[in-house]
Amino acid sequence: MNELNKYKELISTLDTTIEKNVETVWKLNLYMASHPELGEQEFEASRKMNDLLAQAHFETEYPYSDIPTAFCGKKGKETPHVALLAEYDALPEIGHGCGHCLHGSMTLLAGLSLSPLMRSLSTGTLFVIGTPAEETNGAKVTLSEKGIFDSMDLAMMIHCNDNVSYVPYRSLAMDAIEFTFTGQTAHAAGAPWEGRNALNGVQLFFHSIDMLRQHVKPGVRMHGIVSKGGEAPNIVPDLASAKFYFRAPDRKYLDIVLQKVFKCAQGVALATETEVEWKNVEFSFHEMRPNKAAEDMMEGVFAECGISTTPAPGAGGSSDMGNVSQHCPALQPLLSITDMQIPHHTREFAQAVTTPRAKEMLKIGAQILGRAALRCFTDPLFCEAIKKEFLSY
């Protein structure tokens, strides 16, 4: 049987197994949507996902790689290695406003439905890896640093989107840094001249960042909050902090920007007679590394599944998927789950993951991931092409 006929036979079986598994996974999606768990606290979601993989005869490890809410299901033999990645952390107050419960369920449904097909393949290993805390300390960063993805021929997941779908996802490199200014307390009315106002340091630091914006490239993003501003209006604050996210199109330029930022902090401390320290408060994300050969394949799979795509808008946010893409060919296409524009990280988007349209896209997302995995398993030339492009980038 030639490769094309083999692929067609496998996807026919895949679609049948997706139909068999969809109700079970949909119920799990609804459970996660109504019981949102924050990053690194996704104990129920991760356990339930891992249990379903074990029931499907995956070799499972949970917890995985010393991360309490990570898991790994493995099935098959030898190469190529394909990793399907699942997210399942929620946002504070608004729940699954980024859709992780739904697109994590797409990964799970694809993995469960590929399981019986692995026996039909002469070679190939499927990994379904649970990756917690994408919204904060992304576990993909830790897993990447531990070399988990170094042996993968392709790692991928789908991310939910509102009313448009596209394949060439791009992300910004990002550092999360908190700056703490230290001064001297004093009575704010009785003897303010005896104080050194740490909050003045924070305020002036915000102004300095605003001034810096005109001297960095257009793709840079710098945004922050006051994380500590003092205890009472009648006390000159001796401790104040600001937490910032700094982003740039690539890690190399972000490092240049950060040197300018640190000089701003030092200058502010000098001007306000305070001291300043800074530290990374979340893991650093890298930019998404493109792989045109893999993206072209995925564009074809989207069309095969009846999903029209639009040109990608370019990098706008950051994701720990960028770290994965530095270690192996990686994809994170966006799949529409609504008919209207609904911003991510909103309560409205959190509601969208439980609609009949979302259930239909759960099936289609699993079909897309399953087909892309089968392309890798059945087409050695494709695997060679994406590896060659990854190594030459």
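Of K146/K279; K74/K359; K20/K48, which pairs sit farther than 24 Å apart, going by alpha carbon to alpha carbon?
Over 24 Å Cα-Cα: K74/K359.
Dipole magnitude for the range 173-280: about 600 debye, using +1 per Lys or Arg Cβ and -1 per Asp or Glu Cβ, origin at the Cα centre.
Put the Cα centre of the range 9-24 next to the Cα centre of the range 210-281 and the gap is 51 Å.
The alpha carbon centroids of the range 43-95 and the range 287-305 are separated by 24 Å. Kirkwood hydrodynamic radius of the range 2-130, from the reciprocal of the average inverse Cα-Cα distance over all distinct pairs: 15.1 Å. Summing Cβ point charges (Lys, Arg +1; Asp, Glu -1) relative to the Cα centre of the range 217-301 gives a dipole of roughly 260 debye.
Fewest first, what order do L204, L126, L102 take by the number of other Cβ atoms within 10 Å?
L204, L126, L102
In this label model, I256 and A303 are separated by 3.8 nm, measuring between points 7 Å along each Cα→Cβ vector. Given their separation in residues at 0.36 nm each and the Cα-Cα distance between them, H223 and A312 gain 29.7 nm when the chain is fully extended. With K and R counted +1 and D and E -1, the other residues having a Cβ less than 11 Å from that of Q341 yield a net charge of -3. Once the Cα atoms are used to define both axes, helix 100-114 deviates from the longest principal axis of the chain by about 30 degrees.
Give, in nm to one decimal, the length gained when the segment between K292 and K74 is fully stretched (0.36 nm per residue of separation minus the Cα-Cα distance).
Taking K292 through K74 to full extension adds about 75.8 nm, to one decimal.
As a length-normalised measure over Cα pairs under 8 Å and 6 or more apart, the relative contact order of the chain settles at 24 percent.
For the range 173-280, the relative contact order comes to 43 percent (Cα pairs under 8 Å, sequence separation of at least 6).
With r as the distance between the Cβ atoms of H187 and A271 and R0 = 30 Å, compute the FRET efficiency 1/(1 + (r/R0)^6) and round to 0.05.
So, using R0 = 30 Å, E works out to roughly 0.85.
Cβ crowding within 10 Å, taken as a proxy for footprinting-reagent exposure, orders R251, R213, R371 from fewest neighbours to most as R213, R251, R371. Shown here is the pair-distance distribution of the chain: with all Cα-Cα distances grouped in 10 Å bins from zero up to the longest one, the shares run 5, 22, 29, 21, 12, 7, 3, 1, 0 percent. For the range 173-280, the convex hull spanned by the alpha carbon atoms encloses 81 Å³ per residue. Using the Cβ-Cβ distance between D150 and S392 with R0 set to 25 Å, the FRET efficiency works out to roughly 0.90.
Applying 0.36 nm per residue to the separation of E384 and R347 and subtracting their alpha-carbon distance, the gain on full extension is 9.0 nm. Annotation for R213 and I235: the two label points, set 7 Å from Cα along the Cα-Cβ direction, are 3.3 nm apart.
Neighbour counts of C-beta atoms inside 10 Å place V324, V268, V22 in the sequence V22, V268, V324, starting with the fewest. Using the alpha-carbon atoms, what tilt in degrees (0 to 90, nearest 10) does helix 251-272 show relative to the longest principal axis of the chain? So the inclination is approximately 20 degrees. Taken over the range 240-380, the convex hull of the Cα atoms encloses 159 Å³ per residue. Can you check what the net charge comes to around T24, using other residues whose Cβ is under 13 Å from the Cβ of T24 (Lys, Arg +1; Asp, Glu -1)? Spelling it out: positives minus negatives among the neighbours equals +2.
Label-to-label distance, D66 versus F206, with points set 7 angstrom from Cα along the beta-carbon direction: 3.9 nm.
Since every read-out is calculated from the coordinates, none of them should be taken as a lab result. Given the structure is predicted, the values throughout are model-derived calculations rather than measurements. Here the Cβ is made from the backbone with ideal geometry for all residues, glycine too, and neighbour counts use every protein chain on show.
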